Amino acid sequence: MLRRNLRQAVRYPSLIISIIVMPVVLLLVFAFVFGGALEAATEGEYIDYLAPGMLLMIPAYLMASLAVQIATDTTKGIVNRFRTMPIAPASMLAGHVGGTLVLGLLGSGAMALVALLIGWRPDAEPVEWLAAAGLLALFTFALAWIAVGMGLISPNPESASNLPLPFILLPFLGSGLVATDTMPAGLRQFAEYQPFTPMTETIRGLLMGTEIGGSAVVALAWCLGLGVIGFVWSARVFARRDG
Amino acid sequence: MSDTTTGSAITVRGLRKSYGERRVLDGIDLTVGRGDIFALLGPNGAGKTTTVQILTTLRRADAGEITICGHDVASAADRVRELIGVTGQFAAVDGLLTGRENLRLVADLLHLPKTRATRLVDELLARFDLAAAADRVAGGYSGGMTRRLDLAMTLVGGPRVLFLDEPTTGLDPRSRRAVWQTIAELVADTGVTVFLTTQYLEEADQLADRIAVLDGGRIVAEGTAEELKRLVPGHHIRLEFADRSDLHAAAAGLPGSRVVDEGDRPALAVPGDGGVRALRAVLDDLDRAGVEATALAVRTPTLDDVFLTLTGHPAAPTTATADKEIAR
């Protein structure tokens, strides 16, 4: 099933490219258009502050393509073929999640490369790189299962692309772009507690050497929480279609 | 009674299914022998697709015993899935992969050894006339080609029982005949059992050894095509009249005729083969009776006729009929 997803991705690269291009473009916009102005708000080069948070945009954007893929499978009939075969029906979902993980790693890698090219200078030991990559993968995995649930409840692929929108907005409403203490009250509280902020702080801490504090634990908790919710939700919805 | 000893491919006893308040299937009994072609005939909404879904483990019945080759669909679902192949109205192919890749996907999912899988894929592509388009993306296939690919994918696992849910709905006549031929050849070559649902009497007639007519969740008739058609007026000439007095005068003058009253269009059905001699005889009889018909048509039995006979109501208000209007 995973092979199926990878083959689809190769066959239909425009979707994948748009998923990766958009965040990279945003990276460039923020770095160059806003970078100078924002340097006053952050210490050092803005790109160093920006890059780790932008890496998290990739999993968020991938949620949209994943939800669409799931919705396409369930509404176009192929899921009925899988259900009447002696295979685990959830393997269809797992194949998509696996494909998303692969794309997430590739996308994040591409993003990191672009960031390096425009001046990002991370400061991390190999073990910290591994930890960051692992955390990113875990986050992608958790968000993927939420996206699977969204795809399963969508009546058609078009509406499936809209459901993950809140998640795509979240990176902007956190510490990915600017420190949260410059935000107005209300928004600041929201930004501090939403999942992307501790994730950003942890990854930035790992890759740039800034302080992580309690963010790591919070980030992990979010990953596990979202992952469990997403998985259980998806399994429930998928099974409910029986009879 | 153990079904493995009777050797039937499909056994259904007392199948019931409701969606909320709506009773869709109300006590269905069926038996299909191995190697038979069985057709479930009925209009839209009769419960055909639900029946197939339950038989193929996609849905659970509310009540009833259903076995496929001796295995119960509720308790031995995976064993059943190893034995069946299912094609539905909407072709279950992956539009982003090529035909060959689609077939290969199914083979891989069923863990077929690589060399055998490759050979099987090539055989199926050839058999279903898809070899030329094998390496094109399936999303670009025509309707007929997509159906053929769908059927080919279903056969990868070598199923013993094939379920075809309205296999030719929406296809042009040529594609339909091609599908019928493929199915007939398949059964002749491999001895697979076929359970198909259809709303076309002609399809059931062409393909099936036995037909069951489904209406409102119940089987209202079952038998061979010949047996069913004997219940129904065969080829006949249909005459319409201006009013009922004309109708009755004509009925008196035409022996063997039957009043077929469809709403406010009083009509008479006169048995006959619709050939020129029979037509002339009918017109002569009408002349002698001193009555004029307002319309005349030659009819072959349609699903409507079957339903009218068996259930007293037409299959559906908008079902197309096979009228060949000759004169008005």
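Every number in this text was worked out from the coordinates using simple rules, so none of it is lab data. In this text the structure is predicted, and so the values were computed from the model without any measurement. All Cβ positions, glycine included, derive from the backbone under ideal geometry; neighbour counts span all protein chains shown.
How large is the charge dipole for region A:2-240, taken about the Cα centre, if only the Cβ atoms of Lys, Arg (+1) and Asp, Glu (-1) carry charge, to the nearest 20 debye? Result for region A:2-240 is approximately 1540 debye, rounded to the nearest 20.
Averaged over the residues of A:5-14, the number of partner chain Cβ atoms lying within 10 Å of the residue Cβ comes to 3.
Do you know the Lys pair count in the protein assembly as shown for C-alpha distances under 23 Å, with sequence separation 8 or more or different chains?
Going through the protein assembly as shown pair by pair, I get 4.
First check a/c for region B:3-223, with a ≥ b ≥ c the square roots of the eigenvalues of its C-alpha gyration tensor; if it is under 1.5, answer rounded, and if not, answer prolate when a/b is larger than b/c or oblate otherwise. Here region B:3-223 falls in the prolate category.
If you line up the long axis of helix B:99-109 against the longest principal axis of chain B, both from Cα atoms, how many degrees apart are they, to the nearest 10? The angle comes out at about 60 degrees.
For chain B, the longest principal axis of the alpha carbon atoms and the long axis of helix B:173-190 meet at an angle near 50°. Cα gyration tensor of the protein assembly as shown, axes a ≥ b ≥ c as square roots of the eigenvalues: rounded (a/c below 1.5), prolate (a/b > b/c) or oblate? Prolate, since a/c reaches 1.5 and a/b exceeds b/c. Only Cα pairs under 8 Å and 6+ residues apart enter the sum, and on that basis the relative contact order of chain B stands at 18 percent. Could you point to the residue in A:L165, A:A235, A:V114 farthest towards the positive end of chain A's charge dipole, with +1 and -1 charges on the Cβ of Lys/Arg and Asp/Glu respectively? Farthest towards the positive end: A:A235. Working from Cα positions, state the angle (0 to 90°, nearest 10) between the long axis of helix A:13-28 and the longest principal axis of chain A. Helix A:13-28 and the main axis of chain A meet at about 20 degrees. Charging the Cβ of each Asp and Glu at -1 and of each Lys and Arg at +1, and nothing else, the dipole of the protein assembly as shown about its Cα centre rounds to 840 debye. The residue list A:A147, A:Y46, A:A191 was ranked by how far each Cα lies along the charge dipole of the protein assembly as shown toward its positive end, using unit charges on Cβ atoms, and A:A147 comes out on top.
How many angstrom lie between the C-alpha centres of region A:6-36 and region B:27-105? Here the answer is 43 Å between Cα centres. First check a/c for region A:2-240, with a ≥ b ≥ c the square roots of the eigenvalues of its C-alpha gyration tensor; if it is under 1.5, answer rounded, and if not, answer prolate when a/b is larger than b/c or oblate otherwise. Prolate shape, in that a/c is at least 1.5 and a/b is the bigger ratio. Taking the centroid of alpha carbons for each part, region B:111-128 and region A:154-180 are 44 Å apart.
Each of A:Y46, A:Y193 was scored by other Cβ atoms within 10 Å of its Cβ. Listed from fewest to most, they are A:Y193, A:Y46.
Each Lys and Arg adds +1 at its Cβ and each Asp and Glu adds -1 at its Cβ; summed about the Cα centre, chain B shows a dipole of about 780 debye.
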